[in-house]
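Asks: One structure follows; several queries about it will come next.
Throughout, read-outs are computed from the coordinates displayed, never taken from laboratory work. Since we're looking at a predicted model, the values are computed, not measured. Here the Cβ positions follow ideal geometry from the backbone for every residue, glycine too, while neighbour counts run over all protein chains shown.
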Amino acid sequence: MDSEDDLLQKCITSAMPKQR
Amino acid sequence: PTPPYLKWAESLHSLLDDQDGIHLFRMFLKQEECADMLDFWFACSGFRKLEANEGNEEKKVKLAKAIYKKFILDNNGIVSRQIKPATKSFIKDCVMKLHIDPAMFDQAQTEIQTIMEDNTYPLFLKSDIYLEYT
């Protein structure tokens, strides 16, 4: 299971647009 | 075609819809010591997008707690200082009572977005970081 920080970082990244 | 950096000046959403735009805006916010506002904004969007499928519940609770702990719990944090007390109480209640809902951070995200639109985003467009880039 991911640590809280990993989980948060993944969550932030998942909301960002994908590379053009 | 319009270069991306001109599109960034159209609206906050155009800026946040582009990876390079996000990167540059984050550099600016970091300089102003408020990069957490942007991270929080994306964390809220990511949280809302989590699938509602079975087995995800535990992850959602953990993530909601992580967002709460990092951005809202500390009253001196930049995000916490800008969110209305009623909104913070609402989120705290949701976390404490485990009422985890995809929309539980929506109001807080809107408040932070309004502050970025009224304040940091116009400042960014006038900043050296942006002007040098263009």
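Asks: Using Cα positions and a limit of under 12 Å, work out the aspartates and glutamates in reach of A:Lys18, with same-chain residues fewer than 8 apart set aside.
Replies: Hits, sequence-local ones excluded: B:Asp17, B:Asp18, B:Asp20.
Asks: Which residue, chosen from B:Tyr130, B:Asn76, B:Met27, occupies the Cα position most advanced towards the positive end of the dipole of chain B, where the dipole is computed from +1 (Lys, Arg) and -1 (Asp, Glu) charges on Cβ about the Cα centre?
Replies: Most positive-ward Cα: B:Asn76.
Asks: Averaged over A:5-11, how many beta carbons belonging to a partner chain fall within 10 Å of each residue's beta carbon?
Replies: 6
Asks: Rg and Dmax of the range B:1-120, Cα atoms, in Å?
Replies: Spelled out, the Cα radius of gyration and Dmax of the range B:1-120 are 15.3, 51 Å.
Asks: In debye to the nearest 20, how big a dipole does chain B give about its Cα centre with +1 on each Lys and Arg Cβ and -1 on each Asp and Glu Cβ?
Replies: Computed about the Cα centre, the dipole is about 540 debye.
Asks: What's the ranking of B:123-130, B:15-22, B:96-103 by average number of surrounding C-beta atoms within 10 Å, highest first?
Replies: B:15-22, B:123-130, B:96-103
Asks: Using Cα positions and a limit of under 22 Å, work out the lysines in reach of B:Lys69, with same-chain residues fewer than 8 apart set aside.
Replies: Leaving aside lysines fewer than 8 places away in the same chain, those within reach of B:Lys69 are A:Lys10, B:Lys30, B:Lys49, B:Lys59, B:Lys60, B:Lys84, B:Lys88, B:Lys92, B:Lys97.
Asks: I would also like to ask the following. For chain B, what does the relative contact order come out to in percent, with C-alpha contacts under 8 Å and a separation of six or more?
Replies: This gives 27 percent for chain B.
Asks: Hey, got the average number of other protein chain Cβ atoms within 10 angstrom for residues in B:39-51?
Replies: Mean partner-chain Cβ count within 10 Å for B:39-51: 4.
Asks: What is the Rg over Rh value, at two decimals, for the protein assembly as shown, using alpha-carbon atoms and the Kirkwood definition of Rh?
Replies: 0.99
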